[in-house]
Amino acid sequence: MAQKGAAGVATAVAESVQYQGRKASRQGSEQRRQAILDAAMRIVVRDGVRGVRHRAVAAEADVPLSATTYYFKDIDDLLTDTFAQYVERSAAFMAKLWENTEGVLREMLAYGDGSAASRAQLADDIARMTADYILRQLHNRREHLMAEQAFRQEALINPRLAVLVRSHQQILLRGTCQFFQVLGSKEPQQDAKVLTAIIGRMEYQGLLNDAEVQSEQDMLGILSRYMHLVLASV
């Protein structure tokens, strides 16, 4: 998997997702099943994981109660498949993002001359690119981040969700590792773990503080300092 590149890792995660509930046999049935999972996700974002109940999901999806119990024998199956769908969609999104980002990064490297000044400019550019990614996540995919936080918390007591959460974390971690390999990092995996931890904290703080303008400046300062430290050792 490490040899497939960042986009390949995300695609592999998407293809590895397995659902627990009853499979749909017809197109109309699949649409109803998708509507149930989407409704469950909206409830998770709005009310938290504990708000997901068969009756509540059926009402949210505007389907008979019997439909939710037909596809999902219990709440655990429903929650697992709701997050499985999230991971699958997120992986597909990240595959495209990593493919574009890696191309941009290689172009940025091609324009540099290897000097200290060039590396410093590259650090600033990457910090800005990373900050822009986090802000786009907070502004355009806020509900996705809210759902992710809810499922990560639930995964502490739900082993099946824990497996999915670990798979989801690998998308960003492996992609970031590839990112640092392109940069020539001596310890790409360690650098990736630090950067993904920084991104995770910033996303959480952004959700908590509603992505205030002041926090945006702090975000850029932290990312810039980190990238300068990494590229100074390359």
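Annotations for the structure displayed:
- Computed [θ] at 222 nm, deg cm²/dmol, the chain (DSSP H ≥ 4; -39,500 (n - 2.57); rounded to nearest 500): -27500 deg cm²/dmol
- Sulfur and carbon atoms: percent of accessible area, segment 20-73 [1.4 Å]: 47
- Label corresponding to mean projected area of the Cα convex hull in nm² when calculated from the structure given, among [x] 13.6; [y] 11.3; [z] 17.5: [x]
- Hydrodynamic radius (Kirkwood) for segment 60-117, which is based on Cα pairs only, to one decimal in Å: 15.3
- Farthest toward positive dipole pole in segment 76-234 [+1 Lys/Arg, -1 Asp/Glu at C-beta], among 140, 177, 167: 177
- Sorting 148, 88 by solvent-accessible area of protein heavy atoms yields 88, 148, largest first, with a 1.4 Å probe.
- For segment 82-97, putting each phi into the Karplus relation 6.51 cos²θ - 1.76 cosθ + 1.60 with θ = phi - 60° gives couplings of 4, 6, 4, 5, 4, 5, 4, 5, 5, 5, 5, 4, 5, 4, 5, 4 Hz, in residue order, rounded to whole numbers and with x for Gly and Pro.
- The order of 70, 226 by accessible area, most exposed first and with a 1.4 Å probe, is 70, 226.
- Surface composition of segment 85-233: carbon plus sulfur atoms contribute 52% of the solvent-accessible area (1.4 Å probe, protein chains only, all chains present).
- Residue 53 - accessible surface, heavy atoms, 1.4 Å probe, Å² rounded to 10: 120
- For segment 166-234, GluC sites (Glu not before Pro) meeting the loop criterion (DSSP other than H, G, I, E, B) and having at most 15 other Cβ atoms within 10 Å: 212.
The values are calculated or read from the model by the stated rules, or taken from the named source; none is laboratory data. Keep in mind the model is a prediction, meaning the values are calculated, not measured. All Cβ positions, glycine included, derive from the backbone under ideal geometry; neighbour counts span all protein chains shown. Surface areas here come from the heavy atoms of the whole protein model, side chains and all, with no ligands, DNA or RNA. Shrake-Rupley method; radii C 1.70, N 1.55, O 1.52, S 1.80 Å.
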